[in-house]
Amino acid sequence: MNKNSFKNSLLISQLRTMWLVIKHTFTKADTVQYPEQKPYLAPRYRGRIVLTRDHGGEERCVACNLCAVACPVDCIALQQVVDDDGRKRADFFRINFSRCILCGFCEEACPTYAIQLTPDVELAEYDRQNLVYEKEHLLINGPGKYPDYSFYQQSGIAIAGKGKGEAEQERPPIDVKGLMP
Amino acid sequence: MPEMLWKLLEITIIIALLIPMAAMLVWVERRLIGIWQDRHGPNRVGPFGVLQSFADLLKILGKEDWVPPFSDRLVFTLAPIIGAICVLMSFAVVPFSPDIGVSNLNIGLLFFLAMASLAVYSVVLAGWASNSKYALLGGMRAAAQTVSYEVFMGLSVMGVVLLTGTFNLREIVLAQTDGWLIQSQFVGFFIFLIAGIAESHRLPFDLPEAETELTAGFHTEYSGLKFALFFLGEYLGVTLISAMSVVLFFGGWLMPEPLASWLPPLLWFVIKIMCFVMFFILLRTSLPRPRFDQLLKFGWMVMLPLALLNLLVTALLRLTGVL
Amino acid sequence: MTENTVTIFIDDEPYQVSNTDNLLAGVLSQKLNLPYFCWHPSMGSVGACRQCAVTQFQDENDQHGRLVMACTTPVTDGMRISIKNESASEFREQIISAMMTNHPHDCPVCAEGGECHLQDMTVMTGHSAREYQGTKRTFSNQYLGELVGHEMNRCITCYRCTRFYNDYAGGKDFGVYGSKNQVYFGRQTDGALESEFSGNLVEVCPTGVFTNKVFSAHYTRKWDLQSAPSICSHCSVGCNLSIGERYGSVRRVMNRYNSEINGYFLCDRGRFGIGYVNSEQRIKQVKGIEQQSPLQLSALDVSKAFSHFRKKNFLGIGSARASLESNFYLKNIVGKDNFSAGYHNDEMQVAVQHSKILKQCKPESLTDIETSDLVFIVGEDITQTAPRMALSVRQALRNAAIDKASTMGIPSWQDSAVRTIGGTKLSPLFSLHSTSTKLDDVAEQALLSPVARISLCVQSLTNLLTSLKNSQLSHIEVEQKLAEYYQHQNHQRQLNTAEQNFVASLYQGICRAKKTTIITGTSLVNAELLADLAELVQCFQERDDINTPNLIVVPANCNSVGVLSLLDKHSLSVEQMLDKLPEKNNQQQDVYQGVIILEQELARCSHNQIQQLRASAKTLIVLDHTKQRLSEIADIVLPSTPVSEGDGHYINYQGRVQKFHQVHPPVLPVQESWRWLDMVADTLGIKVDSEVADNVDLSTPRNLNKQIKHVNKQETCQSLTQLHHFFADNYALWPQLIAAKAQQESKPVARMSHRASGRTSQMANIMVHEAKTTQKFDDSFSFSMEGASIKQTSDMPFTWAPGWNSNQSIGRYQEHINGPLQQQQKASFITFSTSLAENENWQESKDIAVNSSAKQNENCLNYVQQKNIYLSEQQAAMTPEFQLLKQSNCIFINANTALKAGVKNQQWCKLVFSATGENMQLVSQSVISQISILPNLPETLAFGNFSLCQSLSQEIEMKITLANDQEVTDYLSSYNDDILTAKASKESLLTRLKENDQTIPIRLVSGGLTDA
C-alpha cells in the first residue's frame, strides 16, 4: 500500500471537504431575488436582439446572411432585396426567439453592426407564436452601440447619394479612356 | 380485538407521519444544499418554501401514469411498490420510544437486514422491466452494490449483538442505558453507516441512478406516481438508516440526565434521526461519486476486512471480559 | 496515365504526379492546398497572378531553394519542392495582401460572398489583417446586359475573364483596357455581352466582378441553397447542372462538372434559362376534375374523373421535353398503335434517318470533339441550338496551334506561349448552312446555301470519296474531277463555283485530317441531308487511307433521342393522328375517346390543325407545367413538373442516359407527369402488354401465347425506382440499365450544405412549431442538411470542400485535374431498334425529298429562320430576361435582290411573302424588317430572325418595298411594347417571388397527392 492510498483510506480529503462545505452554512447567499430585486445588466449584456440604424437613419442591415449562418440554432431567416437606391435590405428579417439561445454569435458575425443584443431579457410569452419577431419588431430608431459606423461609407459599391470613389479612403474613379499612365 | 385495532391505529399514524416526513425531507434537503451552496433553495411556496414538496407532489400526481410500451408491464408496476413496502415494513421493528413501536420482534435486527436485502428487488426489477439500457445498467449496479455491502452491514452490527446479546431492537436500546454503544463499537458504527448509505443509494454511492452516466439509472423510464414511490422509498430509506444508526449505536430514545427530562423520549429520538439525516445531506453536497469499480473494491477490500476485524476484536474483548 | 507518372517530393513526402501537366495541377491533384488565381484547369497557365509560388530545391542537400511559380513549372522526375516553406508562404501572403489593397469593403453586399475564390485563397494564405492604410483606386461599372452584373472595384487583375471570354469562347466585344494599376476589364461601351457563354464569367471570375444578375435580384447565399444534381432541359447536349432553391423558389443554376460533357462551362441558355420554372404561366391547379375537399385534391377525385373513360381508347402525344419515364408510360397506356411523339410527317422522316444513324454509330462526347482536328458543321447553327457543343468545337480548332507548339516542345498547358506560337492558326472548320453562324469567323470556309443544295454538296463529297481513290490530289485537280462528274447532270444538279471550291477544300481537309467530326442537326427538318450524311460516313469506311469521321446529329430537345428510342413502326405522326382521331367502329361509335397530350404544345401545328384536334377529340387531356395553347382548350389539365421539381431521365444526343433529381418538392397538386400517368393508368388500365424481348414479333401466333402476359398494375408507384422496377419487370423494351442503376442504395446525400441557415425560422411566421423535413420515399438525396457527404456520389448536388467554397472545389473530387470524378460511374447509353425504319410511310423519304428539291423552282426563295440561343427553345423563351433580349426583325438578303428592290443596308423594309405553289392556298404574310445585305448569299436564299407561318415553309416569293415611316413606327412601338411587357413581367415575377418567400409550402412527404 503506497503512501497515497494510505492517505486516501483515512478519508482526510473527504472530511476536509465536508468541513469546507459546512462552513458555508454561515455565508450569505448570492442569489438575487428576481423579480423583486433587479440584477444589474451591463450594456453589452446579451438579451433581446435588435436591428439598428446608422446615424443617417438608414437601416444598417444589408441582408448579408452572416448572422443567419452563424446562428447555432438557425433561428434567423431573411431575404435580401436590392432597392432602387442601390442599397441592399432585408425584404423580411425574422428571428424566432422561441429558439434563440441569445449566444450573440449573430452580433459577432454582423459586418455592419446592424444586429445587436440588448440588456432586455424579459422575453416571456404565453403563446410561442408571439416570440416570432419580424423586421418591424426588431428594427429600432437608433444606432445602438458604435454610433458612428456606416457600412456604405466604407464600402466600394455605389448607392444613391454616394457614387463610385466617394467612400472613405477611396480615390475618384479612374477614367479608363484617359491617356494618363 | 381492541388491542388489534389499537395496533392498526398505531400503524396508520406512523405511516401517516412517515410519508409527509419523507416529503418534508425533500424540502429540507433542497434548502440545506441551497444554503451550503450559497443559494436560498426553494423559498417561494408557503413560508420559507415548506410547501414546495407538496406542490411537487401535486404536480407529480397530475402527471400521466405512463408505462412504456416496450416494458414488462406487470413487473414495471410492481417494482416501485416492492421498494416502498420493504422500507415501510422495516419501520415495523423500529422502537420509536418506550411506548411507541409497531412490533417488538425478537429478531428485529434480522428482520431489518432481511427487508433491506429485499428492497434491492425493487431496483433490479425496475431495471429489468424498463427494457432500457440505462435502467438495466442501473439495476445491475444496484444488485452488485447491495450484495457487496449488505455482507459487512450484517457483520458490523454483530458487534452490537455480541455486546447486547439480543436481536431485539428494543432490548438493544435498553441495553444502552449505561452508555451508548458508539463508545465501544465506533468502528462498527462507521462500517454500518457507510453500508447504510450504499444500501439506500444515497450519494456518494448513488451509482444505480448516476445521472451523469445513466440518465437516471433504474428509474429512467419512470414518471408520475410510480416515480414518486421510488422517491418516497429513497427518502424513507434515509430515515430508516438514520433510525437504525440511532437505535443501534446512539441509544435510541435514551439520553443521559438531565437532558432526558427536558424533552419526551420520542422527540429525542427524532432529533437524533434528524442529525443523521443532515449528515447524509452534507455527504451529498460535498462528496463526489466514486467509480463503480472503486466502490466495489472499497467494499470488499477495505470494509469487509474491517468489519471482520471489528467482530473479532469485539469478541476477544468480550471473552476477556474487558467489555 | 501510369507511364507519365513520376515521383516528386513535396515537403519531403513522395507523391506520384503526372508529368504531362504543370506542377500546380500536380499539387492540386494530390489534394494539397496551394492558392492560385489566374490558372484555370481548362484554360491552362499564364503566370499572371504570382500566387502559386513554391520553393524548389536543387536536391536534398539544398537548404535555400528558389521561388518558382507552380503553374508555369513542368513536373520533372524527382523534383523537390516545398509548399510550407516560409519564404514561399510569406511570398504568397504578400502577393495577396497587395491584391487586397484596392479590394473594396464589399463582401457583405457581394453576391460572390460565401463562394468566393478570393476569400478562400485569402484564408488559405493566412492573410488576416489589412496593413495598407492608403486610399483605394476605384472604377466605374458598365452595364453588361440583363444577365451579368459588373463591379470592377473588386477586380484583382487575374485576366481569367478575358482569357475565357476572348480566347476560350471567341467573344469579340470584351477586352482589357488601361495599364498598371488601372487595368480595366469590360466592353468598349456599355451594352449587353454578345457571347453565348457570358454567364461563365460568373464562375470564372475568382471574385465578384462578374455576378449573376438574375440571381442577385433574388439573392441567397450558396450555403443556403437546397440543390440537386440536374440535367439541362434546354438542348440535347445534356449538360450537367446544379439547380439551387431557397424558400420554395428556384434561384439559380450552376455548372456541375462532368468530364465527358460540359466540363467547367455552360451556355447562357442553360445557366439563365431556368427562369421558366418560376414563371407566372405555371399551371398550379387541375382543370376538369371535381374536388371533394376544397383544400386538397385526392387520388379518389382523379380516379372518379377518369372512371368513365375506363376501357376507352385514347391517342397519346408524347414530347421530346418530357422525361423518358413519362413518354414510356404514356406509350404503354394508350398502346403503341396510338402513340405519337408530336412529330409531323417530315419530322418522322428525319427521325427515321436519325435513328438509323444512331444505330450505326455512336456520336462522340464533347470532350472527344475537342480532340478533333477537322470539324464539318452542316445544316445546323450549333452556337444557337447546342451552344455548349460550339464551345467544344472552338477548342478543337486550337489543336493546330497546340500541335505546332508541341513540335517546339511547349506543353499545351502553357496557354499564353501556345497562343503566341499558334498565332491565328486554327484547325480547319467547314461550315455549310443556310444561315450565317457565329462560328463562321473561325471557319476555314463557311458556305451559305439553300436547304436543298446543302444535300447536293454532301452528295458530291460522297461521290468524290467513292470515285477518287487518291487522297494526295491538288485542289485544282479535285475541282476538275468535280466539274467532270457533274457535266452530264442537269443545270440544277450542278455545283456552282463556290460550292465546287468548298467541296474540294473539304475533301482535301478530310483526307489530311487525323480525326474528323461531322456535326449536323434536325433544325432544317431535312431527312435527305441526314440520309446523305449517313451515306457519306458509310463510304469513309470503305476507304482505308482516311479515318472515318464521327457523325453527330443534334436534335432539338433535351429528350429528343429518348423519344426517338420509343418510336417504332406503329408510331404515328401528327397528321396521321389527326386522321385517325375521328375514326368510327362498326357500331358507329367513336373509336377514340380523346387525346392525352404530354408536355407538348405542337408548336409546328397550324391554327387549323389545332382546331381540328379540338373538334374531333371528345376529351382532351393535357399534362404540362406551363400554360400553352393546348392547355387552354383542354378538358382536363393535370399540372406537371418542370425539371427542377421532379425526377426522371433525359437522353442526350449521344444516347447517354442521365438522371435529373428533384430540387424541391412542388406545391400540390403539381406532380411529375409519370405520377399523373400512374394514377391515370390505375383507372384506364395499360394497353401495351408485357413483352419479354423486343425482337419478338408479337403478331406471330407462335409467340403470342408464350410471350405475352397481361400487365397487372398492383399499386401506385411511390418512387421512380418502383416505377423502374415495374417497367423492368414487365417490359423488355425498357432499358435495363436504368433499373440496374437504381438498385444501388446508400445513405442519402444532403441536398443542403451543412451550413444551411434559418431552419427554425423560415416557416415560423406561418407556424412556430417547425415542420419536419420533407420525406421522400426511396430518395438518394435528403431534403435537409443531414446526409452522407457529397464525396460519396458523382451526382453532387453542389460542390464544396473544406477551405474551398467556390466551384473550384471540384478539383477536390476529381481523380486528377480535368479528370473524371472520383465516384464517376460508367456512363450508360441507350440502344436503338430498327423498328421505326420498318414503317413504309417514312421509308421513301429520300425519294420524296429528292423529288421535291428537284421540283423546286430555281426562282423560288428559300427563307430560313435563324435560331436564337435565348428564344428558340420553348421553355427557356419563357424567361423574362430572355424576352428582354429579343431583337427587332432583321433579314439578310443577297446584294442583287436588294439592288433590284432598290433598298440599302440597314433600311427598314416591308416584306411580303407569298406562296408560289399551285396547289397551295393563297397565303401571304407581310413583315416589317431591317435589311442586311450579304454579298455572298445565294439569290434564292434569305434568312432572318422572324418566323413565317407554317404554310409558307416552301416555295415562296418575297416582295421588298421600303417601309413608310408610319409602318416602321408602328412596328417599333409594338416591338417596344413587347420589351416593356417583358420588363413588367420580370418585375412582377420578382415581386411574386418575394411574397412567396414568406409563404413556404410545408410538404411532409414529396410524392403523391397526399401529404402524410
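Between residue A:80 and A:91, C:219, the built amide H atoms are under 5 Å apart, and every one of these is 5 or more places off in sequence or on another chain. When each of the peptides C:643-653, A:14-24 is scored by the mean number of other C-beta atoms lying within 10 Å of its residues, the order from highest to lowest reads C:643-653, A:14-24.
Under the definition of partner shielding as Cβ atoms of other protein chains within 10 Å of a residue Cβ, what is the mean value for peptide A:75-87?
Numbers: counts 7, 5, 14, 7, 12, 9, 6, 7, 0, 0, 0, 1, 1.
Mean shielding by partner chains, rounded to a whole number: 5.
Here the 3J(HN,Hα) profile of the range B:167-182, calculated from phi with Karplus coefficients 6.51, -1.76 and 1.60 at θ = phi - 60°, is 9, 6, 5, 4, 5, 4, 4, 5, 5, 9, 4, 7, x, 5, 6, 4 Hz, Gly and Pro shown as x. Residues of the range C:203-247 that lose at least 50 Å² of accessible area (1.4 Å probe, protein heavy atoms only) when the other protein chains are present, relative to their chain alone, are C:219, C:223, C:247.
The solvent-accessible area of residue C:62, taken with every protein chain present and a 1.4 Å probe, is close to 40 Å².
In this structure, the amide hydrogen of residue C:890, modeled 1.01 Å from its nitrogen in the peptide plane, lies closer than 5 angstrom to those of C:930, C:945, C:946, counting only residues at least 5 positions away or on a different chain.
Using the rule -39500 (n - 2.57) for each DSSP H run of four or more residues, divided by the residues of chain B, the 222 nm mean residue ellipticity is -22500 deg cm²/dmol. Of all lysines in the structure, those lying under 19 Å Cα to Cα from residue C:659, and not within fewer than 8 positions of it along the same chain, are C:741, C:747, C:776, C:791, C:826.
Put B:6, C:223 in order of accessible area, highest first, and with a 1.4 Å probe you get B:6, C:223. In this simple spin-label model, placing a label point 7 Å from the Cα along the Cα-to-Cβ direction at both residue B:7 and residue B:171 gives a separation of 1.9 nm.
Place the peptides B:290-302, C:277-289 in order of packing, highest mean first, counting for every residue the other Cβ atoms within 10 Å and averaging per peptide.
Highest mean packing first, the order is C:277-289, B:290-302.
Excluding ligands, DNA and RNA and using a 1.4 Å probe, chains C and A jointly bury around 4100 Å² of accessible surface, summed across both partners. Projected onto the charge dipole of chain C (+1 at Lys/Arg Cβ, -1 at Asp/Glu Cβ, origin at the Cα centre), which of C:726, C:935, C:571 gives the Cα projection farthest towards the positive end? Towards the positive end, the residue furthest out is C:726.
For a quick check of your reading of the filter: which trypsin sites (Lys or Arg not before Pro) in the range C:305-389 sit in a DSSP loop and have no more than 13 other Cβ atoms within 10 Å? Of the trypsin sites (Lys or Arg not before Pro), the ones in loops of the range C:305-389 whose Cβ has at most 13 other Cβ atoms within 10 Å are C:310, C:311.
Note that the range C:5-98 presents 42 Å² accessible area per residue, ligands and nucleic acids not counted, probe 1.4 Å. The residues of the range A:120-145 occluded by other protein chains by 40 Å² or more of accessible area, set against the chain on its own, are A:128, A:129; surface from heavy atoms, 1.4 Å probe.
This model, with +1 at the C-beta of Lys and Arg and -1 at the C-beta of Asp and Glu, gives the range C:5-98 a dipole about its Cα centre of some 360 debye. The accessible area of residue C:734, taken with all protein chains in place and a 1.4 Å probe, comes to roughly 0 Å².
Taking the Cα centre of chain C as reference, the dipole from Cβ charges on Lys and Arg (+1) and Asp and Glu (-1) amounts to some 1200 debye.
What does the accessible area per residue of the range C:855-980 come to in Å², with a 1.4 Å probe and no ligands, DNA or RNA counted?
Working: 6480 Å² over 126 residues.
About 51 Å² of surface per residue is accessible.
Dipole magnitude for the range C:581-625: computed about the Cα centre from +1 point charges on Lys and Arg Cβ and -1 point charges on Asp and Glu Cβ, it is near 180 debye.
Put +1 on the Cβ of every Lys and Arg and -1 on every Asp and Glu Cβ in the range C:5-98; which of C:39, C:68, C:29 then has its Cα farthest towards the positive end of the dipole? The listed residue farthest towards the positive side: C:39. For the protein assembly as shown, the share of DSSP beta bridges that are antiparallel, to the nearest 5, is 60%. Taking every DSSP beta bridge that has both ends in chain C, the antiparallel portion is near 55%. At the residue level, residue B:164 shows approximately 30 square angstrom of accessible surface with a 1.4 angstrom probe and all protein chains present.
Sorted by accessible area (1.4 Å probe), largest first, how do C:554, C:442 line up?
Details: C:554 0, C:442 30 Å².
The ordering from most to least exposed comes out as C:442, C:554.
With a 10 Å cut-off around each Cβ of C:132-141, the average count of Cβ atoms from other chains is 6. Straight-line cross-link reach from residue C:84 at under 24 Å between alpha-carbon atoms covers these lysines, not counting any fewer than eight positions away in the same chain: C:31. Ordering C:525, C:218, C:450 by Cα displacement along the dipole of chain C toward the positive end leaves C:218 in first place; charges were set at the Cβ atoms of Lys, Arg (+1) and Asp, Glu (-1). For the segment A:20-28, counting C-beta atoms of other chains within 10 Å of every residue's C-beta and taking the mean gives 4.
Surface composition of the protein assembly as shown: carbon plus sulfur atoms contribute 55% of the solvent-accessible area (1.4 Å probe, protein chains only, all chains present). For the range C:5-98, give me the percentage of DSSP beta bridges that are antiparallel, rounded to the nearest 5 percent. Antiparallel bridges: around 90 percent, rounded to the nearest 5. As a rough guide to protection, the peptides C:95-103, C:943-951, C:526-534 ranked by mean Cβ packing within 10 Å, highest first, stand as C:526-534, C:95-103, C:943-951.
Straight-line reach from residue C:284: taking Cα to Cα under 20 Å and skipping same-chain neighbours fewer than 8 places apart, the lysines in range are C:627, C:986, C:994. For the range C:855-980, lysine pairs with C-alpha atoms less than 27 angstrom apart, excluding pairs fewer than eight positions apart on the same chain, total 14.
A simple rule links phi to the HN-Hα coupling: the Karplus curve 6.51 cos²θ - 1.76 cosθ + 1.60 with θ = phi - 60°, which for the range B:104-112 gives 9, 7, 5, 10, x, 5, 5, 4, 4 Hz, with x for Gly and Pro. The lysine pair tally for chain B, using Cα distances under 28 Å and a gap of 8 or more places or different chains, is 7.
The values are calculated or read from the model by the stated rules, or taken from the named source; none is laboratory data. Note that this is a predicted model, so its numbers are computed, not measured. Every residue, glycine as well, gets a Cβ built from its backbone with ideal geometry; the counts of neighbours run over all protein chains shown. Quick note on the areas: whole protein, heavy atoms, side chains included, nothing else; ligands and nucleic acids left out. Shrake-Rupley method; radii C 1.70, N 1.55, O 1.52, S 1.80 Å.
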